[in-house]
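Inspection log for the structure reproduced underneath, given as structure tokens.
The values are calculated or read from the model by the stated rules, or taken from the named source; none is laboratory data. Treat the numbers as computed from the prediction; the structure is a model and nothing was measured. All Cβ positions, even for glycine, are placed from backbone atoms using ideal geometry, and neighbour counts span all protein chains on display.
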Amino acid sequence: MRVVLLGTAAGGGFPRWNCACARCAAARDGKLPTRTPECAAVTGNSRDWWLLNASPDLRAQLTAAPVLWPRARRTPVRGVLLTDAEPDHVAGLAVLRGTPGLKAYAAPPVLTTLTPARVALHRHAPWEWADSLAEGGFVLAGGLVVTAHPVAGEAPAYVPVRASDDRWVTAYRIEDLATGGVLVYAPRLGAWTPMLDDLIETADCVVLDGTHFATDGAAPDGRRPPAPGSAGSLAALARHPHARRIYTHLADTNPLLDPASTACARVAETGVEVLPDGAELVL
Ligand SMILES: [Zn+2]
């Protein structure tokens with residue numbers, strides 16, 4: 001399995017267009033690496049590629065990744081797996097409009113919320129939409145077996161009636177039948193749960209929510225402590241040294257955006273990585 005991290009920033013990218021904070025300014029000055037909104041692509045056979053989320057910068061992200069360029073007038077992109085319905089994860093669907101035969105997977109509340117967009121996209125070209133949480137998971141062209149796992153119940157702010165539903169945000173476990181390689185892709189998380197430990201225990205690589213960096217207390221961390229009394233995701237990731245562990249979805253408030261920061265050094269000590277846009281993984 002090959003995985004390309006097309007984008008690694010939180011919503012808005014880095015720098016954010018309307019932000020004058022020190023980090024965004026440094027990125028504009030070329031002193032820190034810029035990042036596009038979090039998004040990735042995965043394949044089991046190097047021919048059929050599947051997007052993990054569809055960022056607003058998807059056109060530029062696809063243009064920057066030669067493996068995703070169309071060949072013989074046909075795109076290698078077969079579809080999209082959505083982790084949630086946040087604007088920064090679904091806006092790129094509009095970039096893909098007009099391409100017939102794409103398949104999109106999402107959890108039931110996400111599918112329902114996207115109904116108006118699905119109707120609009122269908123007018124450009126028919127796509128197939130499927131429940132990512134269907135019993136038994138699903139198989140993607142290219143030999144990838146996928147299961148989705150609810151990890152947070154936070155609905156997007158634009159949803160008018162936000163009924164409680166723990167399926168608003170999901171993580172994906174993707175297994176390559178040929179190599180046995182397993183990726184866990186979880187760019188947004190709520191509280192850390194034993195289910196996450198179980199998922200990562202069987203994974204070769206986990207790409208994880210690194211939105212925030214906790215600075216409170218004595219235990220700085222790769223993100224805000226996910227639960228009271230917890231030392232946060234960095235401590236949780238330290239329990240799984242066998243897996244390659246990578247933070248993504250970095251907000252502009254996160255010191256991990258600066259490779260020279262003490263935060264980066266601390267995360268690296270744990271063996272957790274912060275990679276640039278365009279990084280490729282092989283599992
Ligand atoms: Zn900023």
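A few remarks follow.
- Selection of the stretch 125-137 for residues being surrounded by 13 or more Cβ atoms within 10 Å (Cβ to Cβ) and touching a Leu at 6+ places or on another chain (Cβ under 9 Å) yields A125, W127, W129, A130, D131, S132.
For every residue, the table says whether it meets (1) polar (S, T, N, Q); (2) modelled with pLDDT of 95 or more; (3) within 16 Å of the ligand (Cβ to nearest atom); (4) in a loop (DSSP other than H, G, I, E, B).
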{"residue": "A27", "(1), (2), (3), (4)": "no, yes, yes, no"}
{"residue": "V42", "(1), (2), (3), (4)": "no, yes, no, no"}
{"residue": "R47", "(1), (2), (3), (4)": "no, yes, no, yes"}
{"residue": "W50", "(1), (2), (3), (4)": "no, yes, no, no"}
{"residue": "A54", "(1), (2), (3), (4)": "no, yes, no, yes"}
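- Pairs with Cβ under 7 Å, 6+ apart, first in the stretch 186-204 and in contact (Cβ under 8 Å) with a residue 60 or more places away in the chain and assigned to a loop (DSSP other than H, G, I, E, B), second among the charged types (D, E, K, R) and crowded, with 16+ Cβ neighbours inside 10 Å: P187/E38; P187/D209; R188/D84; R188/D209; D204/R244
- Here the condition is being within 26 Å of L177 (Cβ to Cβ) and either surrounded by fewer than 18 Cβ atoms within 10 Å (Cβ to Cβ) or modelled with pLDDT under 95 (or both); of V67, V77, it holds for V67 alone.
- Top-ranked residue of the stretch 121-136 - restricted to ones that are in a loop (DSSP other than H, G, I, E, B), in contact (Cβ under 8 Å) with a residue 24 or more places away in the chain and of a type in the set (G, A, S), ranked as nearest to R2 (Cα to Cα): S132
- Number of residues in the stretch 1-50 that are closer than 24 Å to V139 by Cβ, buried (at least 21 other Cβ atoms within 10 Å of the Cβ) and in contact with a Lys or Arg (Cβ under 9 Å, 6 or more places away or on another chain) equals 6.
- Sub-8 Å Cβ pairs linking a first residue in the stretch 8-22 that is within 7 Å of the ligand (Cβ to nearest atom) to a second residue that is aliphatic (A, V, I, L, M), at least 6 apart or interchain, are P15/A25; P15/A27, ordered by first then second residue.
- Residues of the stretch 114-141 satisfying the condition of being polar (S, T, N, Q) and touching a helix residue (DSSP H, G or I) at 6+ places or on another chain (Cβ under 9 Å): S132
- Counting only residues that are within 18 Å of L199 (Cα to Cα) and part of a strand (DSSP E or B), the stretch 234-270 holds 5 of them.
- Qualifying position, being over 19 Å from V282 (Cα atoms), within 16 Å of the ligand (Cβ to nearest atom), at pLDDT 95 or above and under 17 Å from the mean Cα position of the chain (by Cα), among P33, P37: P37
- Test: residue in the stretch 145-166 that is buried (at least 16 other Cβ atoms within 10 Å of the Cβ) and basic (K, R): no
- When residues in the stretch 73-88 are screened for being within 19 Å of T43 (Cα to Cα) and either part of a helix (DSSP H, G or I) or not charged (D, E, K, R) (or both), 8 of them pass.
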